[in-house]
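Following: one structure in structure tokens, then a few remarks.
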Amino acid sequence: MVEIKNKLREFQESVKENLINRNSVVVLAPTGLGKTLAAILPFVENLLERSNTKLGVRIIYSLPIRAFAKGVQEEFENFDIEAIVHHGDEPESKWFTERAIITTVDQYFTAFAGAPLSWSSATSHAAAGAALASYTVFDEIHLLNPKNGLQLLFAVLKLRNRWNLPTTVMTATLPNSVINFLETKC
């Protein structure tokens, strides 16, 4: 079992329980309360217990901008997991094959569609396969592009839900109407 310095908050326990049972979750909590820990802890425990059928062996953590990647990377380091940052300028990840990948939402959406921005189309199948076979976290995705970001997120979530792929959507800022829509439709 993973050792946590402080007792988990009620919402973190709920997220953990739902994800272990392969249920996708929406996490609405203010900044600084531990949404990132709530999203990655079930994955870390899954790896340690070698129960790879629950969440899989790979996590893709998608952010609206790469400037947020350092904080997420440090959260993974707390569990001795090397998280590779992948973005369009200089992707460290060559094929999205690492256990923990932190990427921008534009990279994730294009990988999901099989048309990655930073690879040739001949290699696009590898990125699409990785996106489809991974537990995915979407953190404040709507901040990237308020006009189109949510529509793309809804479309991807609908497919991931149809294919029973566990997903976490995290936010401190979405209104309740959007949260309710996510919970009922995606």
>> Give all pairs with beta carbons closer than 8 Å in which a residue from region 43-66 that is under 18 Å from Ala130 (Cβ atoms) meets a residue that is at pLDDT 85 or above and of a type in the set (Asp, Glu); count only pairs at least 6 apart in sequence or on separate chains.
In response: Tyr61/Asp139; Ser62/Asp139; Leu63/Asp139; Leu63/Glu140
>> Restricting to region 139-179, name every residue that is modelled with pLDDT of 85 or more, under 25 Å from Leu37 (Cβ atoms) and open to solvent by 50 Å² or more (accessible area, probe 1.4 Å).
In response: Asn161, Asn164
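The values are calculated or read from the model by the stated rules, or taken from the named source; none is laboratory data. Keep in mind it's a predicted model, so treat the numbers as computed, not measured. Methodologically, a virtual Cβ is constructed for each residue, glycine included, from the backbone with ideal geometry; neighbour enumeration extends over all protein chains shown. SASA here: full protein model, heavy atoms, side chains in, ligands and nucleic acids out. Shrake-Rupley method; radii C 1.70, N 1.55, O 1.52, S 1.80 Å.
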